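Structure record follows, encoded as structure tokens.
The values are calculated or read from the model by the stated rules, or taken from the named source; none is laboratory data. The model shown is predicted, which means the values in this text are computed figures rather than measured ones. Cβ coordinates were reconstructed from backbone atoms using ideal geometry, including for glycine residues, and neighbour counts include every protein chain displayed. Please note that ligands, DNA and RNA were not included when accessible areas were found on the heavy atoms of the full protein model with its side chains. Shrake-Rupley method; radii C 1.70, N 1.55, O 1.52, S 1.80 Å.
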Amino acid sequence: MSDAIPLWDPRQYNRFEAQRDRAALDLLVRLPEDLDPAEIWDLGCGTGQHAALLKRRHPNARVHGLDSSAAMLEQARALSADVDWSVGDIATWAPDRPADLILANASLQWLPDHTALFAHLAGALAPGGLLAVQMPMAWETRHHTIMRETAAEGPWASVLTGVDTIAPLLSAEAYYEALAPLCDDIDLWSTTYLHVLTGENAVLEWMKGTALRPYLTALAGDTALHDAFLTALSSRLSEAFPQRRDGATLLPFPRLFLVAQRR
């Protein structure tokens, strides 16, 4: 088992920026038009586009972007947006003052104990403040199942045993229960996107930007094992998600959304 912290590669992550961004924009459009926040946090802000967008939308607000990746934040700072960027762990995050809006787009799925986590996030809101979350429902998907099965087989299995990957989400009802003691107007919904990916080994390249990071970090010290694992995984993914004659590869991807208001 590797104790190395999985590294983010902004360039790899952004290869499918248009597809990844669709869910974030679908979440942001559900925020109230009359929202007038003074204190905004983007938790797991990545390369910063959504924090910068929120600053443009709410120019009088103090906007903070938090991410565990210095490489991602380096790109965020290049946006020259008036945003407070900081390296940090969402699991231990505690704001100096209550937040009027907390955005967490495709970040909370990496953290454990969602019952306690969501209660903590709701507790960090000011009265009337909003929590807006989008999380991939990835555990049950075909490509994640193939990834875990491949990791458990072959000469790399002993290295990858115990490496943490994305865990299953709670049920929508469980998220409601976690938020209900502090929040009203809890809106929960899910959407399955059919991403149209282009390029060779498209699903593998998609997964290199997110889900595969812990495995690839664990294998980084052994080039032969790293390459053999990716070859085996690529073969299985290409069989499950074949490239069409028009060059496209179709990837169904479900996501869970919620917007909750602190009473």
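Put +1 on the Cβ of each Lys and Arg and -1 on the Cβ of each Asp and Glu in segment 93-193; which of ALA151, PRO181, LEU117 then has its Cα farthest toward the positive end of the dipole? After comparing all options, I get ALA151.
Using Cβ point charges alone (K and R +1, D and E -1), the dipole size of the chain about the Cα centre works out to roughly 500 debye. First compute the accessible area of the chain with a 1.4 Å probe, then give the percent of it belonging to carbon and sulfur atoms. Carbon and sulfur: 51 percent of the exposed surface of the chain. On a per residue basis, segment 1-143 carries 48 Å² of accessible surface, using protein heavy atoms and a 1.4 Å probe.
Please work out the FRET efficiency for the pair HIS120 and LEU31, using the Cβ-Cβ distance as r and a Förster radius of 22 Å; give the result to the nearest 0.05.
0.55
Taking all protein chains into account, the per residue accessible area for segment 153-244 stands at 49 Å² (1.4 Å probe). Residue ranges 228-236, 50-58 sort as 50-58, 228-236 when ordered by packing (mean number of other C-beta atoms within 10 Å per residue, highest first). When each of the peptides 238-251, 199-212, 148-161 is scored by how many other beta carbons lie within 10 Å of its residues on average, the order from highest to lowest is 199-212, 148-161, 238-251.
A compact globular protein would have a Cα radius of gyration near 2.2 N^0.38 Å; the ratio found for segment 40-144 is 1.07. For GLU149, the shell of other residues with beta-carbons less than 13 Å away shows a net charge of +1, using +1 for Lys and Arg and -1 for Asp and Glu. Database remark: amide H of VAL83 closer than 5 angstrom to no amide H (H placed geometrically; neighbours at sequence offset of 5 or more, or on other chains; Pro and chain starts carry no H).
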